[in-house]
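What follows is calculated from the coordinates using simple rules that are stated; it is not laboratory data. All of these numbers come straight from a predicted model, not from anything done at the bench.
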Amino acid sequence: MKFLTNITMQENDGKYIFGVVKVGEKGQIVIPRDARKVYDIKPGDALLLLGDQKGMALVKTEIFQSAVDQVMGDITK
């Protein structure tokens, strides 16, 4: 079965499809160059892996921490 390969597409609402990545022997994936550029991901950056029954998402820990700090600040006010 041929799947989506070698595509980068931006939809109108800022959502992206960067293509397909494969899981290596050690469970590693390579984040496509275009995705690293869009999300400013550099070697050594920490990413948080989130998931539910529908799928997974990667978030830079600094962005996630900022959101948590904001929520916690709103709760303590």
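Remarks
- Table column - 3J(HN,Hα) (Hz), segment 17-24, Karplus curve with 6.51, -1.76, 1.60, x for Gly and Pro: 10, 9, x, 10, 10, 10, 8, x
- Near the amide H of K60, within less than 5 Å, lie the amide hydrogens of L48, all on another chain or at least 5 residues away, with H placed in the peptide plane.
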